[in-house]
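The values are calculated or read from the model by the stated rules, or taken from the named source; none is laboratory data. Since the structure is predicted, the reported quantities are computational estimates derived from the model, not experimental observations. Counting neighbours? That spans all protein chains shown, and the Cβs are built from the backbone with ideal geometry, glycine included.
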Amino acid sequence: MKLSKTAAYKTFTEPLVSANPISVAVLGICSALAVTTQVLPSIVMMLAMTFVLASSNVVISLLRNYIPKNIRIIVELVIIASLVILADQLLKAFLYDVSKQLSVFVSLIVTNCIIMGRAEAFALGNGPWLSFWDGLGNGLGYGYILVVVSAFRELLGAGSLLGIQIVPDAAYAAGYVDMGLMVLAPGVFITIGLLVWLQNKWTGR
């Protein structure tokens, strides 16, 4: 049991920093470009991605001994697509406005290389317990980068956080101007680049 807890802890924590899917593996950049102009859609995207990633890892791990190798990619895609549809319908039912903001990007989770990569690299070779923690760690590792990037972009690009105005009107009256660059694609790459640099300085990579 002690070994299992240690393995679960390592499996969960590695994707948060040392093996982060965005800042280390540079995966999932398309969604980082698309949904990080505001914090709230980024949080919802993180939750949806984490749900799909952790759930698909567990289901694929449970079925790994029964999936024929020659059709495993098709089976994995069916499982992932089913979970993505479920997540999309839940968002439309309970967070319709945010779902509209995210548009097709929730549906495109099915094409996210992080999910298929973890299914192939981890879930097919490990039990459901470790696979769950791997999915949870990778989902949160992916998601918190999105939230940090969106916080910088929304604050510097619109002067707000979660739709709440942070920069006072007096600052605008005194001549403060929002950084329009942060709401454009280059703002994402600059912010992620700075995060990668800070992480590498911290970890000594």
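Considering only the stretch 30-47, I want to know if a residue exists there that is more than 23 Å from Pro186 (Cα to Cα), touching a residue at least 24 places away in the same chain (Cβ under 8 Å) and surrounded by fewer than 20 Cβ atoms within 10 Å (Cβ to Cβ).
There is at least one residue in the stretch 30-47 that is more than 23 Å from Pro186 (Cα to Cα), touching a residue at least 24 places away in the same chain (Cβ under 8 Å) and surrounded by fewer than 20 Cβ atoms within 10 Å (Cβ to Cβ).
If you check every pair at least six apart or on different chains, which have Cβ atoms under 6 Å apart with a residue in the stretch 186-202 that is without any contact (Cβ under 8 Å) to a residue 12 or more places away in the chain first and a residue that is assigned to a helix (DSSP H, G or I) and surrounded by 12 or more Cβ atoms within 10 Å (Cβ to Cβ) second?
Filtered contacts from the stretch 186-202: no entries.
Go through the stretch 95-119 residue by residue and tally those that are crowded, with 19+ Cβ neighbours inside 10 Å and outside any helix (DSSP H, G or I).
Selection size over the stretch 95-119: 2.
Give me the pairs: first residue in the stretch 132-158 and surrounded by fewer than 24 Cβ atoms within 10 Å (Cβ to Cβ), second residue of a type in the set (Asp, Glu), beta-carbon distance under 8 Å, and six or more apart or on different chains, which are they?
Listed pairs, sorted by first residue: Leu156/Asp178; Gly157/Asp178; Ala158/Asp178.
Can Ile80 be described as surrounded by 19 or more Cβ atoms within 10 Å (Cβ to Cβ), assigned to a helix (DSSP H, G or I) and in contact (Cβ under 8 Å) with a residue 40 or more places away in the chain? Talk me through it step by step, then tell me what you get.
Values: surrounded by 19 or more Cβ atoms within 10 Å (Cβ to Cβ): yes; assigned to a helix (DSSP H, G or I): yes; in contact (Cβ under 8 Å) with a residue 40 or more places away in the chain: no.
For Ile80, the condition - surrounded by 19 or more Cβ atoms within 10 Å (Cβ to Cβ), assigned to a helix (DSSP H, G or I) and in contact (Cβ under 8 Å) with a residue 40 or more places away in the chain - is not met.
Read through the list (1) modelled with pLDDT under 95; (2) surrounded by 15 or more Cβ atoms within 10 Å (Cβ to Cβ); (3) touching a helix residue (DSSP H, G or I) at 6+ places or on another chain (Cβ under 6 Å); (4) not polar (S, T, N, Q), then give the number of the only condition that Lys92 fails.
Here Lys92 meets the rest and fails (2).
Working carefully through the options Glu76, Glu154, find the one that is more than 16 Å from the chain's Cα centre (by Cα), within 21 Å of Ile192 (Cα to Cα) and of a type in the set (Asp, Glu).
Glu154
Which one of the conditions (1) in contact (Cβ under 8 Å) with a residue 24 or more places away in the chain; (2) over 30 Å from Ile190 (Cα atoms); (3) of a type in the set (Val, Ile, Thr) does Ile74 fail to meet, given that it meets all the rest?
(1)
Across the stretch 56-66, which residue is farthest from the chain's Cα centre (by Cα) among those that are polar (S, T, N, Q) and surrounded by 23 or more Cβ atoms within 10 Å (Cβ to Cβ)? Spell out how you get there, then give the answer.
Step one: list which residues in the stretch 56-66 are polar (S, T, N, Q), which gives 56-57, 61, 65.
Right, trim to surrounded by 23 or more Cβ atoms within 10 Å (Cβ to Cβ) and you get 56-57, 61.
Details: Ser56: 15, Asn57: 15, Ser61: 21 Å.
My answer is Ser61.
Quick one: would you say Thr13 is at negative phi and part of a loop (DSSP other than H, G, I, E, B)?
no
Of all residues in the stretch 67-77 being assigned to a helix (DSSP H, G or I) and not polar (S, T, N, Q), which is surrounded by the fewest Cβ atoms within 10 Å (Cβ to Cβ)? Break it down into steps so the answer makes sense when it comes.
Kept after step one, since they are assigned to a helix (DSSP H, G or I), are these residues of the stretch 67-77: 69-77.
Filter once more, so that each one left must be not polar (S, T, N, Q): 69, 71-77.
Working: Lys69: 7, Ile71: 10, Arg72: 16, Ile73: 13, Ile74: 11, Val75: 17, Glu76: 21, Leu77: 16.
Taking the candidates together, the pick is Lys69.
Those residues that are touching a residue at least 60 places away in the same chain (Cβ under 8 Å) and surrounded by 15 or more Cβ atoms within 10 Å (Cβ to Cβ), I need them from the stretch 166-185; list them, please.
First pass over the stretch 166-185, keeping only residues touching a residue at least 60 places away in the same chain (Cβ under 8 Å): 183, 185.
Across the stretch 166-185, the qualifying residue is only Val183.
I need every pair where a residue in the stretch 98-119 that is within 14 Å of Ile29 (Cβ to Cβ) and of a type in the set (Phe, Trp, Tyr) has its Cβ under 9 Å from the Cβ of a residue that is in a helix (DSSP H, G or I) and at pLDDT below 90, sequence separation at least 6 or different chains.
Final answer for the pair search is Phe105/Cys30; Phe105/Ser31; Phe105/Ala34; Phe105/Val35.
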